[in-house]
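Working notes, beginning with the structure itself.
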Amino acid sequence: INNEIGTLQPIDRIAKLVRRHAPDALLHTDAVQAFCWTDIAHITRNADLVSVSAHKFGGPKGVGALVARSSATVHAVQLGGGQERERRSGTQNVAGIVAMTVAARLAAAERDASIERLGALRDRLLDGLLASVPDIVETAAVYVDGVSDRTQRAAGIAHVCIAGVESEALLFLLERAEVFASAASSCASGAMEPSHVLAATGLDPELAKGSLRLSLGWSTTAAEIDHALTVIPGAVAQLRRFNV
């Protein structure tokens with residue numbers, strides 16, 4: 001899953017291409033963002049190496065896992081006592097590992113219900129913004145019969161681009177009103193430029209300057225969505241009046 005715009009990558013199709021054109025290559029998948037939004041079993045079946053991180057699904061920070069196919073050779077980069085089958089030396093963080101395991105089980109058990117609840121809130125947020133903010137674009141939107149199909153995007157990520165505003169100025173106004181978001185932009189050589197992800201989608205660079213990413217999680221409520229829908233249109237209108 002792309003952590004900026006939420007698109008799901010077709011790992012099964014990617015794996016087939018790798019096997020066909022580079023059969024000796026190892027396929028590693030960064031599934032850190034994916035655990036809460038899709039069953040990663042299909043990822044582990046298709047990739048040689050899969051990385052996950054506990055803090056993304058309710059576990060503690062500083063602990064993760066590398067799921068490795070038995071045929072994949074993993075060389076240690078940390079030498080010493082030979083722990084973890086001589087693949088990563090150093091005293092294991094037993095408490096962190098146990099906590100990660102419990103969190104993974106709980107997240108997997110609640111995944112479908114969480115996706116349904118947060119997907120509905122995300123749709124409420126996106127549909128509300130599209131209806132109330134002129135010249136706004138839903139990033140990575142795929143339309144089927146005139147309706148945005150969001151099934152191939154993470155339920156917890158909403159990303160839009162707004163014409164006529166700068167992300168940083170918008171974020172300042174939103175934070176003052178207790179709406180916390182990100183711009184999904186990076187700074188290069190002192191000049192603000194659109195992220196490489198937005199550039200890769202072919203988005204107009206000027207429009208990309210108004211990128212806005214909003215995250216939803218287990219604690220997100222309908223009241224918070226409604227608050228965002230009250231604040232964001234007014235903030236955009238204010239910036240457009242001053243052409244910021």
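A few comments on the model shown:
- Kyte-Doolittle mean at least 0.5, axial Cα span of 27 Å or more - DSSP H helices of the chain: 94-132
- Stretchable slack from residue 93 to residue 124, in nm (0.36 nm times residue separation minus alpha-carbon distance): 7.1 nm
- Proximal aspartates and glutamates relative to residue 56, as straight alpha-carbon distance under 20 Å, when same-chain residues fewer than 8 apart are discounted: 4, 30, 39, 110, 112, 116
- Evaluated at q = 0.16 Å⁻¹, the base-10 log of the normalised Debye intensity for the stretch 11-108, with identical point scatterers placed on the Cα atoms, takes the values -0.77.
- Spatially proximal lysines relative to residue 209 (Cα-Cα < 23 Å; intrachain offsets below 8 disregarded): none
- Cα-Cα P(r), the stretch 111-241, percent of pairs per 5 Å interval: 2, 10, 21, 23, 21, 14, 7, 2, 0
- For the chain, convex hull of alpha carbons as volume per residue, Å³: 172
- Footprinting exposure proxy ranking of 117, 241, fewest other C-beta atoms within 10 angstrom first, gives 241, 117.
- Relative contact order of the chain: 18 percent, from C-alpha pairs under 8 Å at least 6 residues apart in sequence.
- Kirkwood-type hydrodynamic radius, the stretch 14-61: 11.6 Å, calculated from all non-identical alpha-carbon pairs.
- For the stretch 204-244, fraction of C-alpha pairs farther apart than 17 Å, in %: 46
- Taking packing as the residue-averaged number of other Cβ atoms within 10 angstrom, the listed peptides 108-116, 157-165 run from highest to lowest as 157-165, 108-116.
A short reminder: the numbers here are calculations on the coordinates, not readings from a lab. Note that the structure is predicted; figures quoted are calculated from it, not measured. Here Cβ is always computed from backbone atoms with ideal geometry, including for glycine, and neighbour counts include all displayed protein chains.
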